[in-house]
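One structure is given below, encoded as structure tokens.
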């Protein structure tokens, strides 16, 4: 891809100190997002995807590794993991995040309008004196197809449905015209039809605004719909990445295969297969490939060494010794 | 996703919310009793010179013709040892008690809340440990004992006693706010505000504090009763308000010497304390139920 790189994460490690244990939650994640690209980060719950996303907005401080963000405002690359204070303050306005629980990401004691204005004031200080700020907020709400924006501005988050709250969150995140949007399971808490509406909306908006997106989810179907590139994550490591069409038609890592088999099929009977076992204990992660204790095709080398990425095709890389 | 999810009009909805809160509050008769008692006491205290039959009896007034009179239509609560109307003095004592409670709380709440906010927001850092350990030290001393110690050193006066009470009261607000903030700081909307680049000050002041306000007010309404009780207790043992200030505690202790014969001298001021403390406690309980708070 000849496009410019917006975000490059290199060898990211996050270690949480909980009591005496050291939880190695993210263990050497590398990924690259190009301008306007929609990345999907997929994996089962507690595999470190959210932690990755939170590192990018500095809600979590990575232990080691680099997160390079190409800031348009500053015209240079910023290392989000260890930024210079002033530069990060400028650059962070270009990164926005949408959270999982739509109700909880809005403050219950203020109206939508108040919160929207606050968001704009912080993310785009030049808009403070803009007399049209209210009009811009209304336009932003219209963009996410909310009916009667004026009335929504005056309502409190708990007066709106989950889907509406999530639309408001999306409008707030996109109103500041970020370069990079991190969407942390924005549709997980919503029902399937609303989820679809929100996804279509988000897709159309980011496509039009050419915003790069890091979409974090455990839903493979969502990834297929929205992402240009998918990263499959297991226990803090990336196991397979590439074009979603290629990966879903030909999953090569046993974990990806397991994930796909775990999806309940509407036409079949009984339960889907799933993957035996559960995510490992992060204080004592398995040696070698972190997936080996649950892998059906486990070999001796998997216990001893960590697999490196094998290039299957230009758009498909797998970290597995089977290849 | 149509407009039918929305309230008819905002004004209509807010009136509805108010009505809902009102009906929730009035569902419990005790809350209503508490509110009525509080309002009654505040009304009496503000208009004391107009509602009392003998406003001049509040201070140093002597009328030996009328001493030790039992309750009658002329003197509803009877008269005391120097012939002053007990009813008038109880009403004026309310003025004093309320003023005292307001002063103590307004001195105690701001620093307590501020320290609680800081300690809770910087949870797990040295700021948290420093503030909370100092708080623990202060909590270890019982307020009444410290007030006794301070007044016996600095001399018995209400000012000294209340300084001691203030010194002992702020840690409770630190603890309350600390607990609230420690959980609120992990809310998504706090993270969301941090992500858009808001300052720590903004997050604390504009996002977290407004979510603590209902708890703080509820605790304050409960504390009014406690402070009045404490002040009365100090005056009762002679370390608080000094004569001729009309004070409920002093009046009770003056009359207690002549129990049970001259019962009205101590009985009516005691009922006075009961009414004001009960009123604020019931009101506080009602507010707690209204805001559905559990941590107070």
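Comparing mean-square fluctuations of B:33, B:203, B:228 from a GNM of chain B with C-alpha springs under 10 Å, the top value falls on B:203. For region A:1-37 and region A:157-183, write down the distance between their C-alpha centroids in whole Å. Region A:1-37 and region A:157-183 have Cα centres spaced 24 Å from each other.
log₁₀ I(q)/I(0) of the protein assembly as shown at q = 0.05, 0.07, 0.11 Å⁻¹, via Debye over equal Cα point scatterers, no solvent, to two decimals? The computed values of log10 I(q)/I(0) come out as -0.36, -0.62, -1.07. Under Stokes-Einstein, with the Kirkwood radius over Cα pairs as Rh, the value for region B:46-147 at 10 °C and 1.306 mPa s is 91 µm²/s. Note on region A:220-317: Cα Rg divided by 2.2 N^0.38 Å, N the number of residues, gives 1.13. What FRET efficiency would be calculated for the residue pair residue A:196, residue A:287, taking the C-beta separation as r and a Förster radius of 41 Å, to the nearest 0.05? Once the sixth-power term is evaluated, E becomes 0.45. The mean of 1/r over all distinct Cα pairs in chain B, once inverted, gives the Kirkwood hydrodynamic radius of 21.6 Å. When chain A is treated as a GNM with alpha-carbon contacts under 10 Å, the residue of A:239, A:310, A:29 showing the greatest mean-square fluctuation is A:310.
Helix A:133-143 and the long axis of chain A differ in direction by around 50°, with both axes built from C-alpha atoms.
Taking chain A as a Gaussian network of alpha-carbon nodes connected by springs under 10 Å, the highest mean-square fluctuation of the residues A:269, A:85, A:65 belongs to A:269. Based on C-alpha pairs under 8 angstrom that are at least 6 apart in sequence, region B:192-258 has a relative contact order of 18 percent.
By the compact-protein rule of thumb, 2.2 N^0.38 Å, the alpha-carbon radius of gyration of region B:197-296 corresponds to a ratio of 1.54.
A viscosity of 1.002 mPa s and a temperature of 20 °C, combined with the Kirkwood radius over C-alpha pairs in the Stokes-Einstein formula, give region B:92-205 a diffusion coefficient of 136 µm²/s. Peptide B:205-211 has a mean shielding of 3, counted as Cβ atoms of other protein chains within 10 Å of each residue's Cβ.
Here the sum of -39500 (n - 2.57) over DSSP H runs of 4 or more residues, divided by the residues of chain A, equals -9000 deg cm²/dmol at 222 nm, to the nearest 500.
Note on region B:157-200: the alpha carbon radius of gyration divided by the globular reference 2.2 N^0.38 Å gives 1.87.
The DSSP beta bridges internal to the protein assembly as shown are antiparallel in roughly 65% of cases.
Taking the C-alpha atoms only, the angle from helix A:192-209 to the longest principal axis of chain A is near 70 degrees. Distance from the Cα centroid of region A:255-294 to that of region B:96-161 is 55 Å (rounded to whole angstrom).
The Cα center of region B:34-93 and the Cα center of region A:57-79 differ in position by 73 Å.
Read-outs throughout are calculated quantities, based only on the coordinates presented, and are distinct from any laboratory measurement. Remember, predicted model here, so these are calculated numbers, not experimental data. Positions of Cβ are backbone-derived with ideal geometry, glycine not excepted, and every protein chain shown enters the neighbour counts.
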